[in-house]
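Peer 1: Questions regarding the structure given below will be posed in turn.
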Amino acid sequence: MTWWQYLLLVNIYLLLFYGFYAVMLRSETFFQLNRLYLVSSALLSFIIPVIHSDWARNLFITRQVQHTIFAYQGTSIAYQFKPTENHYLSIGQILFCLYAAG
């Protein structure tokens with residue numbers, strides 16, 4: 001797992017935990033329990049992506065995703081770029097246009 005995949009999973013878990021809190025627990029008056037839930041869900045969202053369990057790998061959608069990832073990792077694509085001949089706009093002109101538009 002690369003660092004961007006880990007960060008993506010952490011953010012997805014944070015969204016799921018917060019979505020559950022917003023739907024189910026926001027109106028509760030047990031403030032200490034709500035605080036405990038929010039802190040523990042933040043900690044769990046960092047821990048859950050690191051856990052590699054066999055039952056999670058055997059799920060149908062997980063097998064499809066792993067198959068897709070392995071299929072794309074095995075292929076290599078070579079690109080051939082043809083140099084452009086005419087430069088109508090320079091980078092400085094593009095940056096000036098963006099600055100002027102802002």
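Peer 1: Got a sec? Which of GLN32, GLN80 is open to solvent by 100 Å² or more (accessible area, probe 1.4 Å) and at pLDDT 90 or above?
Peer 2: Exactly one of GLN32, GLN80 is open to solvent by 100 Å² or more (accessible area, probe 1.4 Å) and at pLDDT 90 or above, namely GLN32.
Peer 1: Do you know which residues across region 50-61 are surrounded by 10 or more Cβ atoms within 10 Å (Cβ to Cβ) and either modelled with pLDDT of 85 or more or of a type in the set (Gly, Ala, Ser) (or both)?
Peer 2: Across region 50-61, the qualifying residue is only ALA56.
The values are calculated or read from the model by the stated rules, or taken from the named source; none is laboratory data. These figures come from a predicted structure and were not determined experimentally. Please note: Cβ atoms are built from the backbone with ideal geometry, for glycine as well, and neighbour counts cover all protein chains shown. In case anyone asks, the SASA skips ligands and DNA or RNA and just uses the protein heavy atoms, side chains included. Shrake-Rupley method; radii C 1.70, N 1.55, O 1.52, S 1.80 Å.
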